[in-house]
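Below: the structure, in structure tokens.
The values are calculated or read from the model by the stated rules, or taken from the named source; none is laboratory data. This structure is a prediction, so every number in the text was calculated from the model and none was measured. With ideal geometry, Cβ positions are generated from the backbone for all residues, glycine too; neighbour counts draw on all protein chains shown. Note: accessible area is taken over every heavy atom of the protein model, side chains too, but ligands, DNA and RNA are not part of it. Shrake-Rupley method; radii C 1.70, N 1.55, O 1.52, S 1.80 Å.
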Amino acid sequence: MPRSVSILAQGEYLIASVQSDLSDGEVLELRDELAERVGRQRARGIVVDVTALNVIDSFVARSFRSLAVTAKLRGAETIIVGIQPDVAIAMVHFKLNLAPLRTALDLDEALAVLYGAKHAPTT
């Protein structure tokens with residue numbers, strides 16, 4: 001796992017905090033580590049805090065999308081939090097798409113979304 005990332009388990013959720021920009025190899029390492037921990041720790045949700053990232057390029061976006069799809073197949077939702085305003089503007093300008101990833105403003109909002117999804121009535 002990259003040294004610039006910490007991953008904590010909080011109940012049924014994994015919280016990954018990215019503390020500095022990551023190389024492409026570190027992005028892949030983070031993706032693979034989180035995908036593996038979903039099964040090992042029986043996580044129902046992943047929150048990735050990218051507040052410290054100055055850039056989210058197409059490679060990072062694809063890697064996070066890949067994580068979201070992999071996690072979903074294993075029963076977990078993925079939410080990205082902390083995208084900085086200038087990073088968001090650049091992502092829109094370059095037409096980077098995070099779908100099917102969900103985003104939230106911060107950790108509290110992400111956990112509320114995950115908790116709500118877990119307790120939503122099924123039809």
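The lone criterion from (1) at pLDDT below 95; (2) in a loop (DSSP other than H, G, I, E, B) left unmet by ILE83 is number (1).
Every listed requirement among (1) touching a Pro at 6+ places or on another chain (Cβ under 7 Å); (2) surrounded by 15 or more Cβ atoms within 10 Å (Cβ to Cβ); (3) of a type outside the set (S, T, N, Q) is met by LEU67 save one, (1). Within segment 49-64, track down each residue that is open to solvent by 10 Å² or more (accessible area, probe 1.4 Å) and of a type in the set (Gly, Ala, Ser). Once the filter is applied, which keeps residues that are open to solvent by 10 Å² or more (accessible area, probe 1.4 Å) and of a type in the set (Gly, Ala, Ser), segment 49-64 yields ALA52, SER58. Yes or no: segment 51-74 includes at least one residue that is assigned to a strand (DSSP E or B), in contact with a strand residue (DSSP E or B) (Cβ under 8 Å, 6 or more places away or on another chain) and touching a residue at least 24 places away in the same chain (Cβ under 8 Å). Looking for residues that are assigned to a strand (DSSP E or B), in contact with a strand residue (DSSP E or B) (Cβ under 8 Å, 6 or more places away or on another chain) and touching a residue at least 24 places away in the same chain (Cβ under 8 Å), one finds none in segment 51-74, hence no.
A single member of ALA117, ALA99, ALA88 is open to solvent by 50 Å² or more (accessible area, probe 1.4 Å), out of contact with any helix residue (DSSP H, G or I) (no Cβ under 8 Å at 6 or more places or on another chain) and modelled with pLDDT under 95, and it is ALA117. Inspect segment 3-12 for any residue being part of a loop (DSSP other than H, G, I, E, B) and under 16 Å from VAL81 (Cβ atoms) and give the result as yes or no. Looking through segment 3-12, none of the residues is part of a loop (DSSP other than H, G, I, E, B) and under 16 Å from VAL81 (Cβ atoms). Restricted to segment 2-40, and to residues there that are among the basic types (Lys, Arg) and crowded, with 16+ Cβ neighbours inside 10 Å, the residue that is nearest to VAL69 (Cα to Cα) is ARG31.
In segment 86-110, what count of residues is obtained for those that are part of a helix (DSSP H, G or I) and without any contact (Cβ under 8 Å) to a residue 60 or more places away in the chain? Show your work before the answer.
First, pick out the residues of segment 86-110 that are part of a helix (DSSP H, G or I): 86-93, 107-110.
From the residues that got through so far, the ones that are without any contact (Cβ under 8 Å) to a residue 60 or more places away in the chain too are 86-93, 108-109.
Here the count works out to 10.
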